[in-house]
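Undergrad: Supplied in structure tokens, the structure appears directly below.
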Amino acid sequence: IGRDTAKALHASGARVVAVSRTSDDLVSLSQECPGVEPVCVDLGNWEATEQALSSVGPVDLLVNNAGVALLQPFLEVTKEACDTSFDVNLRAVIQVSQIMARGLIARGVPGAIVNVSSQASQRAVTNHSVYCSTKGALDMLTKVMALELGPHKIRVNAVNPTVVMTPMGQANWSDPHKAKTMLDRIPLGRFAEVENVVDAILFLLSDRSSMTTGSTVPVDGGFLAT
């Protein structure tokens, strides 16, 4: 999702800074989209992130897309899974958004932030207790950010996809029986493609959504309506 969002923004003429902990992904993206500025850092590391992003910018638009899904039955959830999941899925959003928002406020310009959440923020999914918890927290963080940053003309929204056919989505939902239990609850009868999520992100970043903030936008084929 992050890669395709970066490519779509680059194609639209935006100056893109791409952040990933995987150097090879950044190298191939830079080759595919000349002019994209790569930043290689593990967003789960607060100090390294602060250092890596301190000289980036100015930034007007931010997509918080980094995420991990460590699936464990509730009774087997480990401290490591909790720490890693909340560090990346929630704490990194706070930190990166703080850095960007402070820059916007200092410059006195409006901006937009989109957090990539999940339908799992609002529905329980077996073996997803930590993941669901991080995304539920992210939805509420989105609303509080919108409340506090709104006076500075900074909009904050979330997109909440169903299962998306990324490599992570394919790995976690490759079992046909497991997939059927989810697909049977989606009125449109399919999982999301990456472009479905990218389109929603681009809308929320654009002035076409200038009156929308604090929202959690489902990209779920109707799952949350059932």
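Undergrad: Restricting to region 96-128, count the residues that are assigned to a helix (DSSP H, G or I), among the hydrophobic types (A, V, I, L, M, F, W, C) and either at positive phi or surrounded by fewer than 20 Cβ atoms within 10 Å (Cβ to Cβ) (or both).
TA: From region 96-128, those assigned to a helix (DSSP H, G or I) are 96-107, 119-121; that's our starting set.
Within this subset, residues satisfying the condition of being among the hydrophobic types (A, V, I, L, M, F, W, C) are 96, 99-101, 104-106, 120.
Then drop every residue that is not either at positive phi or surrounded by fewer than 20 Cβ atoms within 10 Å (Cβ to Cβ) (or both), which leaves 99, 105-106.
Going through region 96-128 one residue at a time, the tally reaches 3.
Undergrad: Let me ask you something else. Of all residues being touching a Lys or Arg at 6+ places or on another chain (Cβ under 8 Å) and surrounded by fewer than 21 Cβ atoms within 10 Å (Cβ to Cβ) in region 207-218, which is nearest to Lys153 (Cα to Cα)? Just the residue, please.
TA: The qualifying residue nearest to Lys153 (Cα to Cα) is Ser210.
Undergrad: Restricting to region 42-59, and then to whatever is over 24 Å from Ala11 (Cα atoms) and aliphatic (A, V, I, L, M), can you tell me which residue is surrounded by the fewest Cβ atoms within 10 Å (Cβ to Cβ)?
TA: Per the criteria, the residue is Ala48.
Undergrad: I'm checking my understanding of the structure. Among residues of region 200-223 that are within 16 Å of Pro110 (Cβ to Cβ) and hydroxyl-bearing (Ser, Thr, Tyr), which one is farthest from the chain's Cα centre (by Cα)?
TA: To start, the set of residues in region 200-223 that are within 16 Å of Pro110 (Cβ to Cβ) comprises 204-214.
Narrowing further to those that are hydroxyl-bearing (Ser, Thr, Tyr): 206, 209-210, 212-213.
Working: Ser206: 16, Ser209: 18, Ser210: 20, Thr212: 17, Thr213: 16 Å.
So the residue we want is Ser210.
Undergrad: Can you name the condition, by its number, that Leu26 falls short on among (1) in contact (Cβ under 8 Å) with a residue 24 or more places away in the chain; (2) crowded, with 18+ Cβ neighbours inside 10 Å; (3) aliphatic (A, V, I, L, M)?
TA: (1)
Undergrad: Considering only region 35-45, I want to know if a residue exists there that is among the small types (Gly, Ala, Ser), in contact with a helix residue (DSSP H, G or I) (Cβ under 9 Å, 6 or more places away or on another chain) and at pLDDT below 95. Before the answer, list the steps.
TA: Applying the first criterion (among the small types (Gly, Ala, Ser)) to region 35-45 yields 35, 44.
Then keep just the ones that are in contact with a helix residue (DSSP H, G or I) (Cβ under 9 Å, 6 or more places away or on another chain); that gives 35, 44.
Checking the rest, the ones that are also at pLDDT below 95 come to none.
Within region 35-45, none of the residues are among the small types (Gly, Ala, Ser), in contact with a helix residue (DSSP H, G or I) (Cβ under 9 Å, 6 or more places away or on another chain) and at pLDDT below 95.
Undergrad: Across region 53-83, what is the total count of residues that are more than 30 Å from Ala101 (Cα to Cα), among the aliphatic types (A, V, I, L, M) and either in a loop (DSSP other than H, G, I, E, B) or in contact with a Gly (Cβ under 7 Å, 6 or more places away or on another chain) (or both)?
TA: Residues flagged as more than 30 Å from Ala101 (Cα to Cα), among the aliphatic types (A, V, I, L, M) and either in a loop (DSSP other than H, G, I, E, B) or in contact with a Gly (Cβ under 7 Å, 6 or more places away or on another chain) (or both) within region 53-83 amount to 2.
Residue by residue, here is whether (1) surrounded by fewer than 17 Cβ atoms within 10 Å (Cβ to Cβ); (2) farther than 20 Å from Gly136 by Cα holds:
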| site | (1), (2) |
| --- | --- |
| Lys153 | yes, yes |
| Val163 | no, no |
| Ala179 | yes, yes |
| Asp184 | yes, yes |
| Phe191 | no, yes |
| Glu195 | yes, yes |
| Leu205 | no, yes |
| Asp220 | no, no |
| Ala225 | yes, no |
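Undergrad: Further question: Ala171 versus (1) at pLDDT 95 or above; (2) farther than 19 Å from Asn64 by Cα; (3) among the small types (Gly, Ala, Ser): which is the lone unmet condition?
TA: The number of the failed condition is (1).
The values are calculated or read from the model by the stated rules, or taken from the named source; none is laboratory data. Note that the structure is a prediction, hence the values are computed from the model and not measured. For neighbour counting, all protein chains shown are included, and Cβ atoms are generated from backbone atoms with ideal geometry for every residue, glycine included.
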